[in-house]
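Visitor: After the structure tokens below, expect a handful of questions from me.
Here, each number is a calculation from the coordinates, and none is a lab measurement. Quantities reported herein were computed from a predicted structural model and do not represent experimental measurements. Neighbour counts are summed over all protein chains in view; Cβ atoms, including those assigned to glycine, are modelled from backbone coordinates with ideal geometry.
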Amino acid sequence: MLPVLLVLTLVEVGSGLVLGRFEAQLLRYPTLLALVPVTIGTAGNLGSILAARLSTAFHLGTLSFDPGNEHLSGNAVATVALALTLFPVVGLGAWVLTALTGGARLAPETVVTIAVASGLGLAVLAVVVTVTVTYVAYRLGLDPDDVVIPVVTNVCDVLGVVVLVATVQVVL
Amino acid sequence: MTVRDAAREAYREALPALSASLVGGLLAGVVLGGMRGELRAVPGLLVLVPALLATRGNVYGSLGARISTALHQGLVEPRVGAGDERLRAAVAAALANGLLASMFAAVAAFTILTSLGDPVAPLPVLVAIAVLAGSFSGVALSAVVVTAVFAGYRRGRDPDTLVGPLVTTTGDVFGVLFLLGAVRLVLFVGGVV
């Protein structure tokens with residue numbers, strides 16, 4: 001447990017360094033800071049739920065790595081649909097809560113645009129990462145439950161920060 | 001089953017847990033947004049935030065999974081007052097792992113930022129904040145995880161499905177709140193850094 005934990009911690013420090021690069025911008029717009037935990041968390045959760053479902057389908061023998069497989073495609077579609085449902089709420093929620101606490105400097109539509117664009121990008125990346133890691137685990141003969149979920153969750157955490165910061169640079 | 005059915009089922013099953021952790025994440029974000037003064041006062045603190053939040057999920061999520069498995073196997077009684085040795089050992093191990101990972105994150109962030117020539121608070125300040133935040137949120141999260149898993153199990157719910165959403169929701173909120181508490185305490189004790 002401990003060596004894995006320390007490696008994962010180091011990966012997360014890497015995503016912290018990305019945040020640190022944009023610290024001045026994040027401190028100027030508290031709404032962006034408010035988006036950080038929820039974006040990281042939702043990205044990690046989308047990835048870990050997809051990974052858990054694919055692992056189960058794999059163990060049940062109903063998963064094949066073929067775009068025509070209904071579990072593979074269905075779960076991928078659901079991940080994108082979940083992101084499109086949740087991220088508008090994320091953006092609006094972050095704006096409303098920051099406005100209530102007296103610090104919103106960005107227009108609500110800007111915050112919602114940033115949240116939805118990041119969410120959509122993250123959903124697509126979560127699908128690519130999860131399917132790739134599940135496939136690699138399967139080829140190497142590893143149990144997807146042991147390997148895929150921690151790797152996917154932490155990779156999606158890091159991608160959450162990177163995609164959010166990149167989207168902010170494009171939109172602002 | 002068609003792709004459409006599979007997608008609908010996956011969507012329906014995931015939405016409640018994701019919505020719960022969304023609320024937790026938003027609350028944590030508001031606290032973080034209100035922490036700008038502390039983030040400015042302690043350079044390098046923002047770099048630590050993702051690692052400290054993820055540690056909560058990694059460590060206490062795994063504690064919850066272990067306790068659920070032990071309950072299913074009948075190795076642990078679902079009573080907090082029982083003073084079960086296995087339960088105490090699992091909680092102690094989680095606390096130790098959480099503290100070690102937090103300290104490691106502080107040292108790693110300090111070393112990397114120093115080598116990049118970026119501004120960073122003194123190492124003892126970052127380590128003190130990481131250790132205090134890790135201890136406070138560790139004790140709170142252990143209590144929440146153990147209580148909720150036991151309560152869920154006694155009511156006939158599968159604790160495995162409770163642990164994930166619970167830890168991601170409360171982990172973010174407690175993680176950021178106790179981080180704020182730890183920073184204020186360290187800044188207060190150490191004077192203005």
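Visitor: I'd like the FRET efficiency for B:Ala143 and A:Tyr135, computed as 1/(1 + (r/R0)^6) with the beta carbon distance as r and R0 of 45 Å, rounded to 0.05.
Guide: 0.70
Visitor: Order by neighbour count: B:Ser102, B:Ser62, B:Ser135, fewest other Cβ atoms within 10 Å first, most last.
Guide: So the residues, fewest neighbours to most, are B:Ser135, B:Ser62, B:Ser102.
Visitor: Shifting gears a bit: Just tell me how shielded B:56-63 is by partners: mean number of partner chain Cβ atoms within 10 Å of each residue's Cβ, no decimals.
Guide: 4
Visitor: Against the empirical 2.2 N^0.38 Å scaling, what ratio does the C-alpha Rg of the range A:2-171 come to?
Guide: 1.10
Visitor: Same structure, new question: What percent does the relative contact order of chain B come to when contacts are Cα pairs within less than 8 Å and at least six residues apart?
Guide: Rounded, it is 35 percent for chain B.
Visitor: Report, in debye and to the nearest 20, how large the dipole of chain B comes out about its Cα centre when Lys and Arg carry +1 and Asp and Glu carry -1 on their Cβ.
Guide: Values: 14 positive and 11 negative charges, 50 e Å.
The calculated dipole for chain B is roughly 240 debye.
Visitor: Let me ask something additional. Considering the convex hull of the alpha carbon atoms of the range B:72-185, report its projected area averaged over all viewing directions, in nm², one decimal. All intermediate terms of the calculation are to be shown ahead of the outcome.
Guide: On the way: hull surface 33.7 nm².
Reported value for the Cα convex hull: 8.4 nm².
Visitor: Per residue and in Å³, how big is the convex hull formed by the alpha-carbon atoms of the range A:74-137?
Guide: Given the Cα convex hull of the range A:74-137, per-residue volume reads 78 Å³.
Visitor: May I ask for the distance between the Cα centers of the range B:124-175 and the range B:25-49, given as a whole number of Å?
Guide: Cα centres, the range B:124-175 to the range B:25-49: 20 Å.
Visitor: State, to one decimal in nm, how far the label point of B:Arg40 lies from the label point of B:Arg4, with both points 7 Å from Cα in the Cβ direction.
Guide: Here the answer is 5.6 nm between the modelled labels.
Visitor: In addition: If you find the alpha carbon centre of the range A:63-97 and of the range B:84-117, how far apart are they in angstrom?
Guide: Cα centres, the range A:63-97 to the range B:84-117: 33 Å.
Visitor: Can you give the helix-only mean residue ellipticity at 222 nm for chain B, where every DSSP H stretch with n ≥ 4 adds -39500 (n - 2.57) and the sum goes over all residues, rounded to the nearest 500 deg cm²/dmol? Show your work: numbers first, answer last.
Guide: Working: 6 runs with 159 residues, N = 193.
So the calculated ellipticity at 222 nm is -29500 deg cm²/dmol.
Visitor: Mind putting a number on the dipole of the range A:17-124 about its Cα centre? Charges go on the C-beta only, +1 for Lys and Arg and -1 for Asp and Glu, and I need it in Debye to the nearest 20.
Guide: For the range A:17-124, the charge dipole is close to 300 debye.
Visitor: Also: Rg to Rh ratio, the range B:62-135, alpha-carbon atoms and Kirkwood radius?
Guide: Across the range B:62-135, the Cα-based Rg/Rh ratio is 1.22.
Visitor: Please build a GNM for chain A, connecting alpha carbons under 10 Å apart, and tell me which residue among A:Thr39, A:Thr130, A:Thr85 fluctuates the most.
Guide: A:Thr85
Visitor: Return the Rg/Rh ratio of the range B:1-83 with Cα-based radii and a Kirkwood Rh.
Guide: 1.15
Visitor: In addition: Quickly estimate the mean residue ellipticity at 222 nm for chain A, helices only: each DSSP H run with n ≥ 4 gives -39500 (n - 2.57), and the total goes over all residues, rounded to 500.
Guide: Details: 6 runs with 147 residues, N = 172.
Per the formula, -30000 deg cm²/dmol.
Visitor: Evaluate the Debye formula for the protein assembly as shown with equal point scatterers sitting on the alpha carbons, no solvent, and hand back log10 of I(q)/I(0) at q = 0.08 Å⁻¹, in q order, two decimals.
Guide: Calculated log10 I(q)/I(0) at the listed q: -0.38.
Visitor: Right, something else. Would you list A:Leu19, B:Leu52, A:Leu27, A:Leu54 from fewest to most Cβ contacts within 10 Å?
Guide: Fewest-to-most Cβ neighbours within 10 Å comes out as A:Leu27, A:Leu19, A:Leu54, B:Leu52.
Visitor: Also: How large are Rg and Dmax for the range A:36-84 when calculated on the C-alpha trace, in angstrom?
Guide: Reported Rg and Dmax, both Å: 11.9, 37.
Visitor: Give me B:Thr170, B:Thr2, B:Thr55, A:Thr153 sorted ascending by neighbouring Cβ count inside 10 Å, so fewest comes first.
Guide: Ascending Cβ contact count within 10 Å gives the list B:Thr2, B:Thr170, A:Thr153, B:Thr55.
Visitor: Using the Kirkwood formula over every pair of different C-alpha atoms, what hydrodynamic radius in Å results for the range A:1-90?
Guide: So the Kirkwood estimate lands at 15.7 Å.
Visitor: What does the average come to when, for each residue of peptide B:112-122, you count the partner chain Cβ atoms lying within 10 Å of its Cβ?
Guide: Average per residue, whole number: 2.
Visitor: Shifting gears a bit: What's the Kirkwood radius of the range A:111-168 in Å, using all Cα pairs?
Guide: Numbers: mean 1/r = 0.0828 Å⁻¹.
Across the range A:111-168, the inverse of the average 1/r is 12.1 Å.
Visitor: Just to verify a number: FRET efficiency for A:Val96 and B:Arg12, C-beta to C-beta distance, R0 = 35 Å, to 0.05?
Guide: So, using R0 = 35 Å, E works out to roughly 0.85.
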